[in-house]
């Protein structure tokens, strides 16, 4: 089953997360099918903290991908921040 979840990157005490589509059997930071965005919880100043490719997320969900609860919250947050 394909899931859309976070993969951790960055150095110690400076987390950075990629939002990825991957097979549920793969490791958290292992192989993935596609990177559909990123989340930087420690972004400061004018740095972008969240970017999501909504069209790609919709594509994966329409093909049966499950979205993790954290990524669902981030997608909702990104849609609210994007002007309509």
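Would you work out if the stretch 21-68 is rounded, prolate or oblate? Take a ≥ b ≥ c from the square roots of the eigenvalues of the alpha-carbon gyration tensor; rounded if a/c is under 1.5, else prolate when a/b is larger than b/c, oblate otherwise. Don't skip to the answer; put the middle values down first.
Values: a/c = 3.08, a/b = 1.58, b/c = 1.94.
The shape class here is oblate.
Arrange 74, 50 by Cβ neighbour counts within 10 Å, fewest through most, would you?
Details: 74 20, 50 17.
Lowest count first: 50, 74.
Can you give me the three principal axis dimensions of the chain from its C-alpha atoms, in Å, biggest first?
Result for the chain: principal-axis Cα extents of 38, 36, 18 Å.
Just rank 76, 13, fewest to most, by other beta-carbon atoms within 10 angstrom. Could you put the intermediate results ahead of the total?
Values: 76 11, 13 6.
Result, fewest neighbours first: 13, 76.
Would you calculate a helix-derived [θ] at 222 nm for the chain, using -39,500 (n - 2.57) for each DSSP H run of n ≥ 4 and dividing by the full residue count, to the nearest 500? Working shown, then result.
Numbers: 2 runs with 22 residues, N = 84.
Rounded to the nearest 500, the figure is -8000 deg cm²/dmol.
Taking the number of other C-beta atoms within 10 Å as the exposure measure, put 33, 6 in order starting with the fewest. Numbers along the way, then the final one.
Details: 33 14, 6 19.
Placing the least packed residue first, the sequence is 33, 6.
Please check: in the Gaussian network model of the chain (C-alpha springs, under 10 Å), which one of 30, 45, 64 has the largest mean-square fluctuation.
45
Every number here is computed from the coordinates shown, using simple stated rules; none is lab data. Everything numeric in this text was worked out from a predicted model, so none of it was measured. Glycine also receives a Cβ, built like all others from the backbone with ideal geometry; neighbour counts cover every protein chain displayed.
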